[in-house]
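The values are calculated or read from the model by the stated rules, or taken from the named source; none is laboratory data. Since this is a predicted model, take the numbers as computed values, not measurements. All Cβ positions, glycine included, derive from the backbone under ideal geometry; neighbour counts span all protein chains shown. Surface areas here come from the heavy atoms of the whole protein model, side chains and all, with no ligands, DNA or RNA. Shrake-Rupley method; radii C 1.70, N 1.55, O 1.52, S 1.80 Å.
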There are 2 protein chains.
Amino acid sequence: MAEATKANQTNDNPSHLDQKMNLSTGEPGTETIASELAAIFGDRMITTEAGCAPYRKDESFHVARPPHAVVQPENAEEIQEMVRWCARHRMPIVPRGAGTSLEGNCLAVCGGICIDTTRMNSVIAVHQDDFHAVVQPGVTRRQLNNYLKGSGLFFPIDPGADATLGGMAATRASGTNAVLYGSMRENVVNIELVLADGSLIRTAKRPPKSAAGYDLTRLMVGSEGTLGVFTELTIKLYPVPESILSASCAYETMEGAVSSVIEMHKYGIPVARVELLDEHTVGAVNRYSKTDFAVAPTLFFEFHGSEQGVREQVELTGEIVRENGGSGFVWAEMMEERNRMWRARHDVAYATKQLRPDGKIWATDVCVPVSRLAECINETRRDIDESGILAPIVGHVGDGNFHLLLMVDHENDEEVRAAEALHRRMVLRALEMEGTCTGEHGIGYGKLDFLKAEHGDAIRPMRLIKQALDPQGIMNPGKIFE
Amino acid sequence: MAEATKANQTNDNPSHLDQKMNLSTGEPGTETIASELAAIFGDRMITTEAGCAPYRKDESFHVARPPHAVVQPENAEEIQEMVRWCARHRMPIVPRGAGTSLEGNCLAVCGGICIDTTRMNSVIAVHQDDFHAVVQPGVTRRQLNNYLKGSGLFFPIDPGADATLGGMAATRASGTNAVLYGSMRENVVNIELVLADGSLIRTAKRPPKSAAGYDLTRLMVGSEGTLGVFTELTIKLYPVPESILSASCAYETMEGAVSSVIEMHKYGIPVARVELLDEHTVGAVNRYSKTDFAVAPTLFFEFHGSEQGVREQVELTGEIVRENGGSGFVWAEMMEERNRMWRARHDVAYATKQLRPDGKIWATDVCVPVSRLAECINETRRDIDESGILAPIVGHVGDGNFHLLLMVDHENDEEVRAAEALHRRMVLRALEMEGTCTGEHGIGYGKLDFLKAEHGDAIRPMRLIKQALDPQGIMNPGKIFE
């Protein structure tokens, strides 16, 4: 227990809430806090410096102070007890899944108790005829898809990392095939969660649609743990497509690539993935993955459907891409070929890393109306080139969403400042074009500055909701709002 | 102006708020209220009893007291002025579109000012490449689709009535083709609205997706005017399908019909409409529309897609329906045949009315997981038959959503009580089956009783949000919450 106090003393960002926390002795006049928590969690409570250290990070470059303690609940009741305890002690609560967030969303910037949900990883029910799965929040998307093998159903949302479904819902995650299947916004049916006062609610039952009262489900999706801790989710499943085909195509210009996608949408082609790699990314991919894609703006497509339907989609897409200056449109039917292409796409981060082994990746994303995407990417590209920073671009072009992978030496202040300025210009450019400061990573604490720039006066009702549901401000403080 | 005072004196439901309202003299110590409003709205303000009378009703059987006054703003600034005035005087505000709601959603149950948005009926912009339309709230769905003619785009959501898009968003409306295109929940990109304090906010910009902050758009969709008055909406459009085919099919059992739809979903058939009519409805339709559908549980299908894709959908559906005991599967390619079938479906209310000319239709809806739909309909059917009340069933079976059209003589107390009991049993049955008390009509004040039964403790955060955003309770009071 002494370790926790020690961790407390070595905080990076001491907070006024620290004085509330002394796991070894408890507050004056209260029972011994540590023994209270130990009575609930036993050895599923971590208070040592070494044990808490991994919780200082997510998959981004952000590093925060460690939480005061980590607990690993196994059911909703334990989360309720933990939240009630934190409410009594005005202690921050930081929910965490697989820790794959990219904006510090699950870091204990104000200290407090990290609720690690990874032990709550049971699939509770699959309602085959309703295309619903009921899961605990710590189930990861791959785990769920393994569980579903042989059922004819799958869960499509794929943010790259093997994130937990609770975390994906909390950050309103999406990924490569949101263009067909939507993001977590469209794919969460209901959420059971513990509110800041320790009460347990369910946002809805399981009807395919409802007009009964406020849409609490959608309010909770994307709330990043600032309104409650998720204890169970019902999510949508989809039939495994009979046929899957992939294709790739190189373009002379970014405009040609984006126009192709707009055209495909006009023809009602239900493309399942359409990923954009700029020429710098393709170069890096070729070197790392030993592929030989033409070094030019490139689209990777994936089509889902019946055998006949998919062939029709591919043929029509072939015509559209040629009309838009695309060349070398080749499609890959074989699983092996397809996997090779998509593995190359998934390994973009590693390929980028190899470009500059001394740098660290700063992954960021924005999203704009598709009509502005080519312009936004081109201006950003020019800005990157002028800045001298290495930063490949990849995008979920069907959604107007693209990522910048800034390779930065975080020890080099000048470089960090240049990257920050570049980042800021990109975000403001996206907002200028009626876009958003983040398509799928969330605000966390990495994008606090931009929420106001994006939403203006609409921040006020957001804050009012936060205050109404969490008057003490104990739920993941320092995230979304400053 | 004397008329308003008179209307005030003849209220059906006098409210404590009435004392605040005296349009002819104003409150003691304040300027003359009527002249304040007249200065803004001129002859776009209605205060006469005769002028206000039509606003006592919507398309349901509900009748409320008239509003104290009706104003017809032409822009957001006028709505802001009206809301600020109401906030100063603690006067209820009741937003209203085409008045086609079915649960009294737009009636002035507590009196107050009705904000009639029908003059705000401009299509502000169509972003062709983004598939977005920006509209004022008083634009109706037919008006928008007429405007879009020739553009290759259309707005699919079709609740039957020619509702305004503001009203549709406010009640989270959907209709016959939500199974493919979603409800208003999925089809509103952002909303500009006036909050209870008169401030004007926009819930989002126009990115296809975003992870930046709370999803205010989804919170406002379905809020039934209780959180603000909509002044502008951006909504999604879709490419007009190359080909449309319709089909119908009769079943021996309700289970066969529902199983067909589940099976179609498993095969990934993207059916655009799939409507269920029970045998009573088919009988009424045949008599009214001079059709000759077999008097049995019947499905009407519509398929959208490419020519080849639609044919494939129809063929596969034909196989599925036969395996599930469907017979007489016939498809209608010709526009005329298709229109005849869908007109018959749209005229179900008139057909029902003809069954009992002395009755009035009480239209209500519930929605359950599709796996429970056949059971829910069958039990409801048995209950109806035992009650002796005439009540055809029609349903959007792909969504698990069905409607009961109760034909009731509202002068006959015993009959009304029997209908109410039947209605209550149907709603509680749907809730028991993990469904909702309303799939698409909203709570209004007709279903106040059931919100708590459906949401339990989740009512509390809903109320906290309401109080936070509308502390005086002036926004459409008496709706959603008691």
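In segment B:437-450, of all residues being out of contact with any helix residue (DSSP H, G or I) (no Cβ under 6 Å at 6 or more places or on another chain) and within 7 Å of chain A (Cβ to nearest Cβ), the one that is nearest to B:Asp399 (Cα to Cα) corresponds to B:Gly439.
Residues are listed down the side, and each one gets a yes or a no for (1) buried (at least 24 other Cβ atoms within 10 Å of the Cβ); (2) within 14 Å of another protein chain (Cβ to nearest Cβ); (3) free of Cβ contacts under 8 Å to residues at least 60 places away in the same chain:
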residue: B:Glu103; (1), (2), (3): yes, yes, no
residue: B:Val109; (1), (2), (3): no, no, no
residue: B:Ile115; (1), (2), (3): yes, no, no
residue: B:Asn121; (1), (2), (3): no, no, yes
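Considering the conditions (1) outside any helix (DSSP H, G or I); (2) β-branched (Val, Ile, Thr); (3) open to solvent by less than 20 Å² (accessible area, probe 1.4 Å); (4) within 14 Å of chain A (Cβ to nearest Cβ), B:Ile320 is excluded by exactly one of them, (1).
Report, by residue number, each residue of segment B:375-395 that is open to solvent by 10 Å² or more (accessible area, probe 1.4 Å) and either out of contact with any Leu (no Cβ under 7 Å at 6 or more places or on another chain) or within 13 Å of B:Arg425 (Cα to Cα) (or both). Listed by number, the residues that qualify are B:Glu375, B:Asn378, B:Glu379, B:Arg381, B:Arg382, B:Asp383, B:Asp385, B:Glu386, B:Ser387, B:Gly388.
For segment A:301-309, state whether one or more residues are at pLDDT 95 or above, in contact with a Cys (Cβ under 9 Å, 6 or more places away or on another chain) and not in a loop (DSSP other than H, G, I, E, B). There is at least one residue in segment A:301-309 that is at pLDDT 95 or above, in contact with a Cys (Cβ under 9 Å, 6 or more places away or on another chain) and not in a loop (DSSP other than H, G, I, E, B).
Filtered by the rule that a residue be at the interface with chain B (Cβ under 7 Å from one of its Cβ atoms), among the hydrophobic types (A, V, I, L, M, F, W, C) and closer than 25 Å to A:Ile269 by Cα, segment A:166-211 gives a lone residue, A:Ala178.
Just name the residue that is nearest to B:Pro241 (Cα to Cα) out of those in segment B:323-336 that are touching a residue at least 24 places away in the same chain (Cβ under 8 Å) and assigned to a loop (DSSP other than H, G, I, E, B). Give the derivation first.
Within segment B:323-336, the subset touching a residue at least 24 places away in the same chain (Cβ under 8 Å) is B:323-333.
Filter once more, keeping what is assigned to a loop (DSSP other than H, G, I, E, B): B:324-325, B:333.
Details: B:Asn324: 28, B:Gly325: 30, B:Glu333: 14 Å.
Selected residue: B:Glu333.
B:Glu414 meets all of the listed conditions (1) surrounded by fewer than 24 Cβ atoms within 10 Å (Cβ to Cβ); (2) of a type in the set (Asp, Glu); (3) within 14 Å of A:Ala212 (Cβ to Cβ) but one, namely (3).
Could you grab me the full set of residues in segment A:152-194 that are assigned to a helix (DSSP H, G or I) and over 20 Å from B:Asn187 (Cβ atoms)? So that I can check it myself, show each step before the final result.
Here is the first cut: in segment A:152-194, the ones assigned to a helix (DSSP H, G or I) are A:165-170, A:178-181, A:184-187.
Of everything in segment A:152-194, those that are assigned to a helix (DSSP H, G or I) and over 20 Å from B:Asn187 (Cβ atoms) turn out to be A:Leu165, A:Gly166, A:Gly167, A:Met168, A:Ala169, A:Ala170.
Looking across segment A:297-316, the residues that are within 14 Å of chain B (Cβ to nearest Cβ), within 19 Å of A:Ala257 (Cα to Cα) and touching a residue at least 12 places away in the same chain (Cβ under 8 Å) come down to A:Phe303, A:Gln313, A:Val314, A:Leu316. Inside segment A:77-98, residues that are open to solvent by 10 Å² or more (accessible area, probe 1.4 Å), within 17 Å of A:Pro137 (Cα to Cα) and not acidic (Asp, Glu) make up a count of 5.
Suppose we keep only residues that are open to solvent by 10 Å² or more (accessible area, probe 1.4 Å) and either assigned to a loop (DSSP other than H, G, I, E, B) or not aromatic (Phe, Trp, Tyr) (or both) within segment A:225-239. Which one would you say is farthest from B:Thr436 (Cα to Cα)?
Residues of segment A:225-239 that are open to solvent by 10 Å² or more (accessible area, probe 1.4 Å), as a first pass: A:230, A:232, A:236, A:238-239.
Next, only the ones that are either assigned to a loop (DSSP other than H, G, I, E, B) or not aromatic (Phe, Trp, Tyr) (or both) stay: A:232, A:236, A:239.
Working: A:Glu232: 19, A:Lys236: 17, A:Pro239: 25 Å.
The extreme case among them is A:Pro239.
Annotation: of all residues in segment A:283-296 being open to solvent by 10 Å² or more (accessible area, probe 1.4 Å) and touching a residue at least 24 places away in the same chain (Cβ under 8 Å), the one that is nearest to the other protein chains (Cβ to nearest Cβ) is A:Ala296.
Looking across segment B:124-151, the residues that are under 25 Å from A:Met433 (Cβ atoms), within 22 Å of the chain's Cα centre (by Cα) and either within 14 Å of chain A (Cβ to nearest Cβ) or free of Cβ contacts under 8 Å to residues at least 12 places away in the same chain (or both) come down to B:His132, B:Ala133, B:Val134. Taken over segment B:212-236, the residue count meeting the criterion of being under 18 Å from the mean Cα position of the chain (by Cα), charged (D, E, K, R) and facing chain A (nearest Cβ under 8 Å) is 1. Within segment B:56-72, restricting attention to residues that are surrounded by fewer than 22 Cβ atoms within 10 Å (Cβ to Cβ) and in contact with a strand residue (DSSP E or B) (Cβ under 6 Å, 6 or more places away or on another chain), the residue that is modelled with the lowest pLDDT is B:Phe61.
Taking the conditions (1) surrounded by fewer than 23 Cβ atoms within 10 Å (Cβ to Cβ); (2) in contact (Cβ under 8 Å) with a residue 12 or more places away in the chain in turn, A:Ala39 satisfies each one other than (2). Between B:Ala453, B:Ala468, the distinction of being within 9 Å of another protein chain (Cβ to nearest Cβ) and at pLDDT 95 or above belongs to B:Ala468 only.
Restricting attention to segment B:240-282, the residues that are away from chain A (no Cβ under 11 Å), over 27 Å from the mean Cα position of the chain (by Cα) and either over 25 Å from A:Phe131 (Cβ atoms) or surrounded by fewer than 23 Cβ atoms within 10 Å (Cβ to Cβ) (or both) add up to 5.
Restricting to segment B:444-482, count the residues that are acidic (Asp, Glu), open to solvent by less than 30 Å² (accessible area, probe 1.4 Å) and over 25 Å from B:Arg88 (Cβ atoms).
Kept after step one, since they are acidic (Asp, Glu), are these residues of segment B:444-482: B:449, B:454, B:457, B:470, B:482.
Add one more test, that the residue is open to solvent by less than 30 Å² (accessible area, probe 1.4 Å), and what stays is B:454, B:470.
Narrowing the set further to residues that are over 25 Å from B:Arg88 (Cβ atoms) leaves B:454.
Qualifying residue count for the region: 1.
Condition check: open to solvent by less than 90 Å² (accessible area, probe 1.4 Å) and touching a Cys at 6+ places or on another chain (Cβ under 6 Å). Does B:Phe329 satisfy that? Steps first, please.
Numbers: open to solvent by less than 90 Å² (accessible area, probe 1.4 Å): yes; touching a Cys at 6+ places or on another chain (Cβ under 6 Å): yes.
Criteria met by B:Phe329.
Inspection of segment B:397-416 finds a residue satisfying the criterion of being within 14 Å of another protein chain (Cβ to nearest Cβ) and aromatic (Phe, Trp, Tyr).
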